[in-house]
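Report on the following structure.
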Amino acid sequence: MNALLTGASGFVGRNLIEFLLSKKVNIFTIGRHAVKGAEHYSLPELWCHDDLVKIIRKVKPDLLFHLAGSGQIAGFREMFNLNTYFGACLLDSLTMAGFNSRTKCLFFGSAAEYGLVAKADLPLSEGFICKPYNDYGICKLAQTHYVSSWVSSGGRAMVVRPFTILGRNMPKTMAIGSFANQLKNISQNGSQGVLHTGDLNISRDFVDVSDVVSICWDLIKIDDANGEVVNICSGKALELKKILDYMIQLTGLDISLEIDKNRLRTIDIESHYGDNRKLLKLLDGYEFIDWQTSVKKMIGKI
């Protein structure tokens, strides 16, 4: 079985590569950075249809995982190119190469597509009318719409919307990843220090990265998932402060907390969690890794 991946060098991508290797899948990647265990194709422009068609015809992918994307990009055009246009080019190239009805595709969307929500809207189901308020959410939602349109023309694809993903090597741009990095730095310089935070009273829906890649592997093979948008979430909200307190407890460090105004967001939803009934129905149930186990794995190397 051949799998073609984008975004393979990222947080989720590296975990997915490891998982696919354990399944004896032949892995091919597209992007700017090669990844161990995969045959890599580097493209000067990610949205060149001619290059993408050549790669697809050579690889003959049974599966395509499109993970590439980022919310840390300046400028809407650049944000749109990576988070929307690249995915559209991949789908168009599959059609041009004659693989639109052969290759099963899984696209990474984002819970950011839902946008501003009130407590009465929770838990967020896939049928919620999306109201993204930032460029990243807008671009990811546009990608979701493009996937839906492509499927209606005979393609095979679905979109997953992961909520907050936990795991080792989390990006430092994410709150928990930042906490882990700060704790590591403090531990290397002694047993006490100051940890800088944003608002710790917000609550989010956390899912272990191992669960995310396992679920993606299961979903991409389910025919009933074709054309669907599926939340990957625990269905529960957990306060950020509770996680940080547990992280500090595990390290045994003497930590003082200090709020950094630069880490406070102009718009920050107090509570945000998803409805996972659709996911559980497609998978016929799923047992999630508990958040404490996820945190222990993250702190283990500190």
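The values are calculated or read from the model by the stated rules, or taken from the named source; none is laboratory data. What you are looking at is a predicted structure, and each value in this text was computed from that prediction instead of being measured. With ideal geometry, Cβ positions are generated from the backbone for all residues, glycine too; neighbour counts draw on all protein chains shown. Heads up: the accessible areas ignore ligands, DNA and RNA and are worked out on the full protein's heavy atoms, side chains in. Shrake-Rupley method; radii C 1.70, N 1.55, O 1.52, S 1.80 Å.
Among the residues examined, LYS236 qualifies as at pLDDT 95 or above, assigned to a loop (DSSP other than H, G, I, E, B) and open to solvent by 50 Å² or more (accessible area, probe 1.4 Å). From the list VAL207, VAL212, the lone residue that is part of a helix (DSSP H, G or I) and under 30 Å from ILE267 (Cβ atoms) is VAL212. Applying the criterion of being hydroxyl-bearing (Ser, Thr, Tyr) and open to solvent by less than 20 Å² (accessible area, probe 1.4 Å) to the residues of region 78-126, the residue that is farthest from LYS281 (Cα to Cα) is SER93.
Within region 109-126, the set of residues being at pLDDT below 95 and touching a Ser or Thr at 6+ places or on another chain (Cβ under 8 Å) comprises just one member, LYS119.
Among the numbered conditions (1) open to solvent by 60 Å² or more (accessible area, probe 1.4 Å); (2) modelled with pLDDT of 95 or more; (3) more than 21 Å from ASP205 (Cα to Cα); (4) out of contact with any helix residue (DSSP H, G or I) (no Cβ under 6 Å at 6 or more places or on another chain), the only one that ILE129 does not meet is (3). If the condition is being assigned to a helix (DSSP H, G or I), β-branched (Val, Ile, Thr) and either more than 28 Å from ASP224 (Cβ to Cβ) or free of Cβ contacts under 8 Å to residues at least 24 places away in the same chain (or both), then region 143-182 contributes only ILE176. Scan region 194-209 and tell me whether some residue there is in contact (Cβ under 8 Å) with a residue 12 or more places away in the chain, among the aromatic types (Phe, Trp, Tyr) and either farther than 17 Å from TYR246 by Cα or open to solvent by less than 10 Å² (accessible area, probe 1.4 Å) (or both). No, the conditions are met nowhere in region 194-209. Across region 267-295, which residue is least open to solvent (accessible area, probe 1.4 Å) among those that are free of Cβ contacts under 8 Å to residues at least 12 places away in the same chain and part of a loop (DSSP other than H, G, I, E, B)? Per the criteria, the residue is GLY285.
Among the residues here, LYS241 qualifies as surrounded by 15 or more Cβ atoms within 10 Å (Cβ to Cβ), of a type in the set (Lys, Arg) and modelled with pLDDT of 95 or more. Does ASP224 qualify as being assigned to a helix (DSSP H, G or I) and of a type in the set (Asp, Glu)? It is true that ASP224 is assigned to a helix (DSSP H, G or I) and of a type in the set (Asp, Glu). The condition of being touching a residue at least 12 places away in the same chain (Cβ under 8 Å) and at positive phi holds for only one of GLY115, GLY87, that being GLY115. Applying the condition of being of a type outside the set (D, E, K, R) and either touching a Phe, Trp or Tyr at 6+ places or on another chain (Cβ under 8 Å) or more than 18 Å from GLY69 (Cα to Cα) (or both) to region 32-54 and asking which residue is most open to solvent (accessible area, probe 1.4 Å) yields TRP47.
Applying the criterion of being assigned to a strand (DSSP E or B) and over 24 Å from ASN134 (Cβ atoms) to the residues of region 244-266, the residue that is least open to solvent (accessible area, probe 1.4 Å) is ILE255.
Residue count for region 132-142, restricted to those that are open to solvent by 30 Å² or more (accessible area, probe 1.4 Å) and in a helix (DSSP H, G or I): 4. Quick one: would you say SER70 is open to solvent by 10 Å² or more (accessible area, probe 1.4 Å) and under 25 Å from LEU141 (Cα atoms)? Considered against the rule, which asks whether it is open to solvent by 10 Å² or more (accessible area, probe 1.4 Å) and under 25 Å from LEU141 (Cα atoms), SER70 comes out as yes.
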